[in-house]
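A short write-up of the structure that comes next.
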Amino acid sequence: MRLPAFGTTDEPSPLPDFCSVPVLFTLLVTGALAATVMWLAVGDHRDLSGYSVGILFVSWLVLAIVVVLCLLRTSLQRLPGHLPYLVAWLLIMPIVGMASWVAHGLDGALHMSLVGDGMAVFVRDNVLIAALLGAAILRYFYVAAQWRLRLAAVARAQVEALQARIRPHFLFNSMNTVAALIPLDPAAAERTVEDLAELFRAALGQHEQGDGTLGEELTLLDRYLAIEQLRLGARLHVQRELEGLPQEFPLPRLLLQPLVENAVHHGIQPLREGGVVSLRGLRESDAIVIEIANPLPSAPTRGGHGHGLDSVRRRVAFRYGPRAAVQAGPQGERYVVSLRLPLPDKGKDDARTDRR
């Protein structure tokens, strides 16, 4: 999904979802506050029954406005530039005018005497108040939407910068592996170049936009581990327990590779006897959990800068939101990195795919 450029009118403005509960709640609170302020402004002649009727009337107006704008949101969203907000604002006034006319008529027909003003004055005042409040609340929605878009753009830029910082590190390590294999086993080096070509394509290729899949990522991990297996020989053992994971699960490209690379370089390479890198995964009701573990060296080793793990944390937070989690730390004699990634909502995932 590409974010709209700021300051342009080529793409539709991010009109709020009037069908959502948060928007309805915001409008109800705003209307109730306006009614309360007007009731307090009366002075000493306050009527609680009138205040209750006023709150009920405001709630009725809000519901009428929300229903109309909810039904028309798809059509409004197709309008260019800021026209969706302007048309939404213009729709509010006739809705309020019609509702005020009906309310005044019912008050007169039932002889409740809740409205002291004439019909023209009552309708006019309500329309003016709705115009002012409607302009303010729509402006708030617009500014909030722009703020969210800017935060998303900044987060995306940070993620892309982190990806760019990881790629040279990964590629240089891979080239060193091939260089080390050439004098020892040219045939193995030739086979390794084929695996390395696929890794290069995943690391540098910009022709594919959006996410990959978990199955594609696991295939890349197999290629990477095959290269490291040739370099480290019997020192590297890999244990896989990934059968229960959905292969089609959407996953940012090269998300797991830096974690496996860290497991090999910080957990296996310093040990003369080598060790086991374990890849485990399970599917829960609302998420998948992936664990990557490696042995902890008995003696302290020179650590890295944490770019790989930091990048994974930020990419996971950006892609999956607050329901996702990345935990890392020693557990007994092993260092374990655990990723908990929420399963995508079917409708939202399809909509995201359509916008790519």
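Taking region 221-257, which residues are open to solvent by less than 30 Å² (accessible area, probe 1.4 Å) and aliphatic (A, V, I, L, M)?
221, 225, 227, 232, 236, 242, 245, 251, 254, 255, 256
Is it fair to say residue 33 is touching a helix residue (DSSP H, G or I) at 6+ places or on another chain (Cβ under 9 Å), modelled with pLDDT of 60 or more and under 21 Å from residue 131 (Cα atoms)? Don't jump to the end; show me each part of the working.
Working: touching a helix residue (DSSP H, G or I) at 6+ places or on another chain (Cβ under 9 Å): no; modelled with pLDDT of 60 or more: yes; under 21 Å from residue 131 (Cα atoms): yes.
When the stated conditions are applied, residue 33 does not pass them.
Kindly check whether there is at least one residue in region 301-324 that is open to solvent by less than 70 Å² (accessible area, probe 1.4 Å), more than 17 Å from the chain's Cα centre (by Cα), modelled with pLDDT of 85 or more and of a type in the set (Val, Ile, Thr).
Within region 301-324, not a single residue is open to solvent by less than 70 Å² (accessible area, probe 1.4 Å), more than 17 Å from the chain's Cα centre (by Cα), modelled with pLDDT of 85 or more and of a type in the set (Val, Ile, Thr).
Just checking, does region 95-110 include any residue being closer than 13 Å to residue 16 by Cα, open to solvent by 30 Å² or more (accessible area, probe 1.4 Å) and at pLDDT 85 or above?
The answer is no; no qualifying residue exists.
Can you tell me how many residues in region 334-347 are at pLDDT below 90 and either of a type outside the set (Lys, Arg) or touching an Asp or Glu at 6+ places or on another chain (Cβ under 7 Å) (or both)?
Residues that pass the stated criteria total 3.
Checking residue 64 against (1) modelled with pLDDT of 75 or more; (2) open to solvent by 80 Å² or more (accessible area, probe 1.4 Å); (3) within 19 Å of residue 126 (Cα to Cα), which single condition isn't satisfied?
(2)
Might you check whether a residue that is farther than 18 Å from residue 54 by Cβ, open to solvent by 60 Å² or more (accessible area, probe 1.4 Å) and either at pLDDT below 85 or not aliphatic (A, V, I, L, M) (or both) occurs anywhere in region 130-145?
The answer is yes; a qualifying residue exists.
Which of the strands (runs of 3 or more DSSP E) found entirely inside region 247-340 contain at least 1 residues meeting this: of a type in the set (Ser, Thr, Tyr)?
The qualifying strands (runs of 3 or more DSSP E) are 275-283.
Out of region 5-27, which residues are open to solvent by 60 Å² or more (accessible area, probe 1.4 Å) and either modelled with pLDDT of 85 or more or not small (Gly, Ala, Ser) (or both)?
Correct list: 6, 8, 9, 10, 11, 12, 17, 19, 21, 22, 25.
Here are the criteria: (1) modelled with pLDDT of 85 or more; (2) of a type outside the set (Asp, Glu); (3) out of contact with any Lys or Arg (no Cβ under 6 Å at 6 or more places or on another chain). Tell me which single one residue 254 does not satisfy.
For residue 254, the exception is condition (1).
The values are calculated or read from the model by the stated rules, or taken from the named source; none is laboratory data. In this text the structure is predicted, and so the values were computed from the model without any measurement. All Cβ positions, even for glycine, are placed from backbone atoms using ideal geometry, and neighbour counts span all protein chains on display. Surface areas here come from the heavy atoms of the whole protein model, side chains and all, with no ligands, DNA or RNA. Shrake-Rupley method; radii C 1.70, N 1.55, O 1.52, S 1.80 Å.
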